[in-house]
Every structure is written in structure tokens, then in C-alpha cells.
Amino acid sequence: MTKPTPEPIDPARVRELALAVIAADRFPHLATIDGHQPRLRPVSPVKTDGFTIYVANLRMYHKTAEIAANPRVELCYLDDGHNQVRLSGVAEIVTERPLLEEIWAANPLMRQYLGSLDNPALIVYRIRPTQVRYMQEWSLEYYEVPTASSV
């Protein structure tokens, strides 16, 4: 079997390509740290704003304690073509009521499951990127992606 040859990537398109991967993957994987043990699980973001990602969570989930102890996380997105985006960032609890109301209004499943935006079990995390990297399938090379704060 011959080794696949990746298509060349125009560096000016890396941001666009990375955003397309994020849009294509409904269930990225979120990595946290549990003491000295990495933990990984699929999540379903409730809002995406460029490279800032919002994830709903229930207080009883173990990742709540993991993020409280170490808010540095990573999301990994993968599209059908096996292109990937790795978004490293810092998770913070969203407290702005208008933003929470916007997220609540846009997520019927969340409304059905939790019943009220004021449900004390609900936490919404904002993951602000500190690094975003894109890799085209088979290229074995990451491209640094300019985020909104670096553009």
C-alpha cells in the first residue's frame, strides 16, 4: 500500500478549514485532568462562536470537579474526512444571564431535560482558546490556526 499524499494547504485558508471541521463535528471530545489521569469524553457544545466553545454540564458530573481543580482543557474535533482540530483552552463558568438565556432559548433538548434555566444542576462552560491547531488527514503536520484574539 502506498502512503497517501496530502493535498497542499494554503496557509491563508487554515482558519476557514479549522472552522469547517468544528462545524462538521457535533460531538467533539473534551479532555480534562483528574489528578494525574487524563479523562476524555464526547460532549455536545450548546454554542460555538468562532473558536470560543460553550458546553453545558451537570454539577453532579465528575468533570465539574476536574475543571474546578484544573480549568485547562482540550477539545478535539474530527470531520468525515478525518481532518482534525485540537482546541486547547481554559474553561470558565458562564454567569452572564443574557448569554445563558440565549443558549437556553436555542437548545430545546436542554430545556426539555432541565426544565428551567434556573435548575441548580446546570453549569455552562465557556472554553476560551489558548491554542488552536488544524491537521489535514495524513499530513501528520499541525498548522497553528489564528484565533479571533490573534487575527
Of all GluC sites (Glu not before Pro) in segment 75-128, the ones in DSSP coil with at most 12 other Cβ atoms within 10 Å are GLU96
Measuring from the longest principal axis of the C-alpha atoms of the chain, the long axis of helix 14-24 (C-alpha) lies at a number of degrees, nearest 10, equal to 50
Note, GLU102: beta-carbon cut-off 11 Å, +1 each Lys/Arg, -1 each Asp/Glu, net -1
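Based on DSSP, what percent of beta bridges with both residues in segment 1-124 are antiparallel, to the nearest 5? Provide the component values of the computation, followed by the final result.
Values: 22 of 22 bridges.
The antiparallel fraction comes to roughly 100 percent.
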Most fluctuating of LEU140, LEU40, LEU30 in the GNM of the chain (C-alpha, under 10 Å) is LEU140
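A short reminder: the numbers here are calculations on the coordinates, not readings from a lab. Just so you know, these numbers come straight off a predicted model, no measurement behind them. Ideal geometry is used to build each Cβ from the backbone, glycine not excepted, and the neighbour counts take in all protein chains shown.
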